[in-house]
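See structure below.
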Amino acid sequence: MLTLLAVAAALGGGLPQMLVERRLAEAVPLHVGDTVSVRPLASGAALRPFVVAGVFERPADPSRISRNEFEVRLHLPDLQAMLPATDRVDRFAVVLAPGADPSPAARWIAGVAFGTAVFGSRDLAEESSSTFRVVSRFHHAIGIVTILASGIFLLCVMTIRVDERRRDMATLRLVGVSRATVFRAIVLEAIAIAVLGSAAGAGVGIVGARIVNAYYAHVYDTTLRFALVTPRIVLLAALLGLGLGAAAGALAAWRVVNVPPQRLGER
């Protein structure tokens, strides 16, 4: 099914012109200068010829990815002639001058066209992105659970590593190494492990995002990116790794430095 989008432009001579979406042009195929026949929506209407004047790329819009129909664009009089009823539209957009107040224009449109609902672009974007907000909250919940699980896992790893080296630490304490030095060594080791894990996780995320984008770009034939790993996300992961590493190392080291060196060798 073709979704017809109007563009205001002057009519040229000869056959009426139309713009064809790139995906449709590749699927048919169509080229600039080809003549195509389009059937009006009115029942029993005859086919109308159009000349392909150009090929356009549909903008990458997340709210339209589920409606993956082909599109063509017609001059406004040609579009009206293709519809079963005249002077009727489902929706239209009005572009105001930069800095203009949209409220008076919205009240004027609502007063002239009875029954018309007028929305600002910001309000319309908020209304159409409700599904994406739900998905975003779901991803945040998954992220929180993952961070908590990784922190617990890191604490378990550090506890096991410290317990395995209790005899070594007892020897260090007995030869005069202070508790503060042992504490710092364990914390630094935990931070190093956490940073390496964060770097590995960022690498896996970047590779995974590229695989996801490549797959869905092929499925939907779009330039839209479905997964992003931004520098902000990588920096946040590194900072979380530092914090979790320091916390896990401090907890594991606290269990050791408070035990007398004579008892560290005990199991």
*Under the Karplus relation 6.51 cos²θ - 1.76 cosθ + 1.60, θ = phi - 60°, what is the ordered set of whole-Hz ³J(HN,Hα) values for region 44-60, x standing for Gly and Pro?*
x, 6, 7, 5, 10, x, 9, 9, 6, 8, x, 10, 10, 9, 5, x, 6
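Kindly put Leu172, Leu83 in sequence by how many other C-beta atoms sit within 10 Å of each C-beta, fewest to most.
The order, fewest Cβ neighbours first, is Leu83, Leu172.
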*asked:* Around Glu71, under 11 Å between beta carbons, what's the net of Lys plus Arg minus Asp minus Glu among the other residues?
replied: +3
*(i) 1.73; (ii) 1.46; (iii) 1.00, with the label sought being that of the calculated Cα Rg over 2.2 N^0.38 Å*: (i)
_Highest-fluctuation residue, Val177, Val195, Val72 considered, GNM on the chain with Cα pairs under 10 Å_ = Val177
*asked:* Can you list which of the DSSP-assigned H helices in the chain have a Cα extent of 20 Å or more along the long axis and an average Kyte-Doolittle score of at least 0.5?
replied: 130-164, 179-220, 231-257
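Where both residues lie in the chain, what percent of DSSP beta bridges are antiparallel, nearest 5? Walk me through the numbers before you get to the answer.
Working: 7 of 18 bridges.
Antiparallel: roughly 40 percent of the beta bridges in the chain.
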*Theoretical gain in end-to-end length, Phe138 to Asp90 [0.36 nm per residue, Cα-Cα removed]*: 14.0 nm
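Going by how many other Cβ atoms sit within 10 Å of their own, how do Glu26, Glu189, Glu164, Glu21 line up, fewest first?
Values: Glu26 12, Glu189 17, Glu164 9, Glu21 21.
Fewest to most other Cβ atoms nearby, the residues stand as Glu164, Glu26, Glu189, Glu21.
Within a Cβ distance under 12 Å of Val28, other residues only, what is the Lys/Arg minus Asp/Glu net charge?
Details: positive: Arg22, Arg23; negative: Glu21, Glu26, Asp34.
It works out to a net charge of -1.
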*How many nm separate the modelled label positions at Ile160 and Leu83, each set 7 Å beyond the Cα in the direction of the Cβ?*
6.7
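Highest first, please rank the peptides 103-111, 155-163 by the mean number of other Cβ atoms sitting within 10 Å of their residues. Don't skip to the end; give the middle numbers.
Values: 103-111: 12.4, 155-163: 16.1.
Highest to lowest by the protection proxy: 155-163, 103-111.
Please report the relative contact order for the chain, taking Cα pairs under 8 Å with a sequence separation of at least 6, and give it as a percent rounded to a whole number. Mind dumping the intermediate values first?
Details: 266 pairs, mean separation 50.0, N = 267.
Answer for the chain is 19 percent.
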_Normalised contact order of region 129-264, rounded percent, pairs of Cα under 8 Å and 6 or more residues apart_ = 42
*asked:* For a quick check: sort Asp78, Asp101 by the number of other beta carbons within 10 angstrom, fewest at the front.
replied: Asp101, Asp78
*Quick one: Karplus J couplings for region 20-33, per residue in order, coefficients 6.51, -1.76, 1.60, θ = phi - 60°, nearest Hz, x for Gly and Pro?*
10, 5, 4, 4, 5, 4, 6, 6, 6, x, 10, 9, 4, x
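Where a number appears in this text, it was derived from the coordinates with a stated rule and is not lab data. Since this is a predicted model, take the numbers as computed values, not measurements. Using ideal geometry, Cβ is built from the backbone for each residue, glycine included, and neighbour counts are taken over all protein chains shown.
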